[in-house]
């Protein structure tokens, strides 16, 4: 229930993951023994600095108007690393995301963030990157999360030509973008391509190899990783376990 990076780049990512050392200490959560693991705190790559710096980078939105859903008071953040063409990311959005938002985000218990991990780009078109660029063009008009929802709501799989400038512009209209001309010009300019690359590089530098992958971060606790479009029960168990360890 996850989309893996293609074999050609997977070997490179394995080398990076050895540097970062994501420690697969399996934890039983909601009956799953494979989805949940702890990220190592002491074996990070030199270019990432100390663990506190990495946590800060993970929690910092790439642009101001693409900040997390939730409240500043929440001490737990769930970060989704995804690709807008990823079918399993769309499954998570369709089956699980709203349950997490309704039960944990809207109740002030956690925040929810999204960061780009564009594993479905083809060199000939880079449509995953284009869709991600569109999210920041939407953010310019305060519609980052409605755009995110519309793209995943209209997903038709990986590299099936459903992503185009026309379709992304239509999704922006559905999301409530008022200045469509400005959005279209932003998409044409690809002004946010480097920001998408920054998120993608971050995902790869910490050893992520598939989408969707989720990082659960809580004050004073090691980051936890959940791989794949797991059922809601896995997220509920993981978040509940983390929340219990936070001093009230």
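Shape call for region 166-248 from the C-alpha gyration tensor, a ≥ b ≥ c root eigenvalues: rounded (a/c under 1.5), prolate (a/b greater than b/c) or oblate? Cα axes put region 166-248 in the prolate bin. Sorting 243, 208 from the fewest to the most surrounding beta carbons within 10 angstrom yields 243, 208. FRET efficiency for the residue 189 to residue 59 pair, using the beta carbon distance and R₀ = 25 Å, is estimated at 0.35. By the beta-carbon count within 10 Å of each Cβ, the least crowded to most crowded order of 211, 198, 160, fewest first, is 160, 198, 211.
Fewest neighbouring Cβ atoms within 10 Å first, the residues 60, 93 line up as 60, 93. The orientation-averaged projected area of the convex hull spanned by the Cα atoms of region 75-174 comes to 6.3 nm².
We did not get these values from a lab; they are worked out from the coordinates using the rules stated. Bear in mind that the values here come from a model prediction, so they are computed numbers and not experimental data. Neighbour counts are summed over all protein chains in view; Cβ atoms, including those assigned to glycine, are modelled from backbone coordinates with ideal geometry.
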